[in-house]
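The block underneath contains the structure these notes are about, expressed in structure tokens.
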Amino acid sequence: MSEQHDLTAHVGLRGVTKVFRGADGAPSVHALGPIDLDLRRGEFFAVVGPSGCGKSTLLEVLAGLSQVSEGNVLIEGKPVGGDIMDGVGVVFQEDACLPWLTVYDNIAFGLMQTDTSRAEIATRVESALTMTGLSGFAGSYPAQLSGGMRQRVCIARTLVLQPRLILLDEPFGALDQQTRLLMGEELLRLWRATGATIFLITHALDEAAMLADRIGIMSARPGRLLEILETGWSRDRDSRLVETAEFGAVTARLWQVLRGESMKSINRDGARA
Amino acid sequence: MSRIGLFRTLVIVGLVGLIEVLCRTGVIDNFTMPPPSRIAKDLQHIVVTGKFNAAIAKTLSSAAIAFAAAVVAGIVAGVLFHSTPRLRRALDPIFATYYAIPVLAFYPLLIIIFGLGDVPKIIIAFMLGVVAVILNTLNGLDRVPPVLAKTARVARLGRVGTALKVTLPSAAPYVLTGVKFAVAYALIGIIGSEFVMSTDGVGFEIAFAYNNFDNATMYPLILLVMIVSIAVNLVLTFWEKRLLIRRGLR
Ligand SMILES: Nc1ncnc2c1ncn2[C@@H]1O[C@H](COP(=O)(O)OP(=O)(O)OP(=O)(O)O)[C@@H](O)[C@H]1O
Ligand SMILES: [Mg+2]
């Protein structure tokens with residue numbers, strides 16, 4: 001497209017557009033873009049936007065699970081197309097636990113497909129179990145867990161792969177507000193410890209405001225970036241941020257930009273229904 | 001035992017008891033059917049003397065081969081058709097009408113081609129079972145949550161790995177339904193063929209006993225077939241229950 005890629009960036013999107021071709025005469029859906037965006041190496045980037053604006057579509061494009069209609073995506077300088085790249089981990093919006101495997105085997109699932117040794121797998125799974133507060137549940141099946149715990153299993157499954165870029169699609173959607181804040185802190189700790197780049201989709205404005213270095217605000221479908229907000233938080237922030245005036249200012253700004261967009265999306269979907 | 005289980009047992013015991021009484025009081029004469037207690041004793045005799053061991057072994061081994069072939073081929077075909085929607089759409093009308101065709105009608109033709117041996121029987125039993133396995137596998141694969149397919153892609157599994165490690169395990173409860181059909185059809189196919197035309201097997205022995213008014217052989221063998229079929233089904237049902245409980249579906 002128009003601009004050149006910034007090769008120091010971890011991830012670069014240029015003119016990324018996604019149109020779902022309607023099958024059997026159904027109309028095409030312009031879901032996304034065009035989007036230009038660079039993710040800096042090691043930054044925590046959050047995306048907020050009205051429901052149905054194309055957030056998950058954007059994530060699937062980054063993950064290499066979905067082809068772009070136009071534009072291109074570079075991860076670590078290599079073009080993404082049709083396949084997941086090395087060092088990329090994904091946590092999906094839906095519950096992706098494998099119900100026939102124990103929590104332990106679920107977490108080990110991705111690693112088992114690599115040539116990691118059994119001992120190394122055991123060490124990594126154990127530490128992921130501890131980190132996600134699932135230590136007592138290694139032998140349980142997903143059906144015995146709450147929705148929030150299942151989501152933590154999926155997060156742990158991604159973490160054991162030690163990805164350099166972690167894509168999360170509303171990972172805390174199934175959690176209550178308190179657990180959500182604590183899991184957010186846990187994610188911050190992990191982010192600091194690993195130095196990974198994090199791309200987090202959320203519908204909770206306070207979550208985005210608390211966790212991210214930068215927040216991309218998306219428009220109603222077709223999703224474009226309306227604004228990128230720098231929070232300016234220090235690296236060792238935690239949930240106590242929510243008490244500060246600066247935090248209030250960030251969430252206020254997010255809502256200011258999003259309010260109109262959310263109305264648009266509700267009115268359109270409402271009118272169609 | 002649950003209340004419903006108790007009720008079920010009472011119904012069965014009651015029915016068998018009723019037949020016993022009807023036989024002993026002569027309402028059903030002994031040339032038509034001996035009392036159930038007599039049938040059980042005759043079966044015990046057959047088992048102890050081992051008189052029909054060869055026939056039983058023949059029937060069960062043929063059924064086992066047909067069953068295994070139907071399950072393996074059915075699952076492989078199910079996965080293949082699922083990943084090739086065009087092929088599936090082309091074959092759909094055949095699947096839809098398949099069980100309207102009396103497969104056993106092909107038996108004489110198969111005997112002409114393969115001779116009067118085990119092969120035609122096994123083919124009949126296989127043909128009966130395989131489509132049930134295919135249809136149930138397809139049904140199960142249709143219900144695999146899309147996010148699990150994405151998970152397989154993220155784990156970089158290929159087509160075979162995805163099928164073995166993600167989609168088939170996810171579809172397992174449905175595949176198992178197909179497997180249960182395959183058991184029933186394997187026995188029906190083999191014993192049915194043996195009835196119609198053959199030189200050995202339990203079906204042949206039952207037909208032979210029938211022609212010779214040999215109730216002391218015919219009824220116990222029928223009972224044996226029922227016991228085997230019910231036993232296999234109980235094992236599969238137990239397995240299915242455990243699988244469903246584990247997934248929180250029961
Ligand atoms: N496979 C598909 N085929 C056709 N349209 C699709 C497909 N996937 C998504 N869409 C459409 O693209 C748009 C964006 O969907 P997407 O799931 O990315 O939204 P989202 O922002 O993640 O929504 P939510 O906040 O509800 O998770 C929606 O209008 C959706 O209906
Ligand atoms: Mg989404």
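The values are calculated or read from the model by the stated rules, or taken from the named source; none is laboratory data. Note that the structure is predicted; figures quoted are calculated from it, not measured. All Cβ positions, glycine included, derive from the backbone under ideal geometry; neighbour counts span all protein chains shown.
Here residue B:199 fulfils each of the conditions (1) assigned to a loop (DSSP other than H, G, I, E, B); (2) buried (at least 17 other Cβ atoms within 10 Å of the Cβ) apart from (2). For the residues B:57, B:77, B:63, the requirement of being under 14 Å from residue B:133 (Cα atoms) and surrounded by 12 or more Cβ atoms within 10 Å (Cβ to Cβ) singles out B:77. Test residue B:14 against the criterion of being over 22 Å from residue B:221 (Cβ atoms), surrounded by fewer than 18 Cβ atoms within 10 Å (Cβ to Cβ), more than 25 Å from the chain's Cα centre (by Cα) and not assigned by TED's automatic domain parsing to the domain that holds residue B:167, and give yes or no. Yes. Residues that are more than 14 Å from chain B (Cβ to nearest Cβ), away from ligand 1 (no atom under 15 Å from the Cβ) and under 17 Å from the mean Cα position of the chain (by Cα) within region A:55-73 comprise just one, A:73. When region A:42-64 is limited to residues that are at pLDDT below 90 and more than 28 Å from residue A:235 (Cβ to Cβ), the one that is farthest from ligand 2 (Cβ to nearest atom) turns out to be A:64. Total residues in region A:3-48 satisfying the condition of being on the phi > 0 side of the Ramachandran plot and surrounded by 22 or more Cβ atoms within 10 Å (Cβ to Cβ): the figure is 1.
To keep it simple, each residue is scored yes or no on (1) modelled with pLDDT of 90 or more; (2) aromatic (Phe, Trp, Tyr); (3) under 30 Å from residue A:83 (Cβ atoms).
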residue: B:134; (1), (2), (3): yes, no, no
residue: B:141; (1), (2), (3): yes, no, yes
residue: B:144; (1), (2), (3): yes, no, yes
residue: B:152; (1), (2), (3): yes, no, yes
residue: B:168; (1), (2), (3): yes, no, yes
residue: B:196; (1), (2), (3): no, no, no
residue: B:221; (1), (2), (3): yes, no, no
residue: B:241; (1), (2), (3): yes, no, no
residue: B:244; (1), (2), (3): yes, no, no
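For region A:23-54, the tally of residues that are touching a strand residue (DSSP E or B) at 6+ places or on another chain (Cβ under 7 Å), near ligand 1 (Cβ under 8 Å from one of its atoms) and either outside any strand (DSSP E or B) or among the small types (Gly, Ala, Ser) (or both) stands at 4. In region A:73-87, the residues that are assigned to a strand (DSSP E or B) form no Cβ pair under 6 Å with any partner that is surrounded by fewer than 19 Cβ atoms within 10 Å (Cβ to Cβ) and aliphatic (A, V, I, L, M), whether six or more places apart or across chains. Of the residues in region B:134-181, how many are more than 8 Å from every other protein chain (Cβ to nearest Cβ), of a type in the set (A, V, I, L, M) and farther than 17 Å from residue B:243 by Cβ? Of the residues in that region, 7 qualify. Looking at residue B:129, is it away from chain A (no Cβ under 14 Å) and either surrounded by 18 or more Cβ atoms within 10 Å (Cβ to Cβ) or not in a helix (DSSP H, G or I) (or both)? Yes: the conditions hold for residue B:129.
Does region A:114-136 contain at least one residue that is facing another protein chain (nearest Cβ under 10 Å) and part of a helix (DSSP H, G or I)? No.
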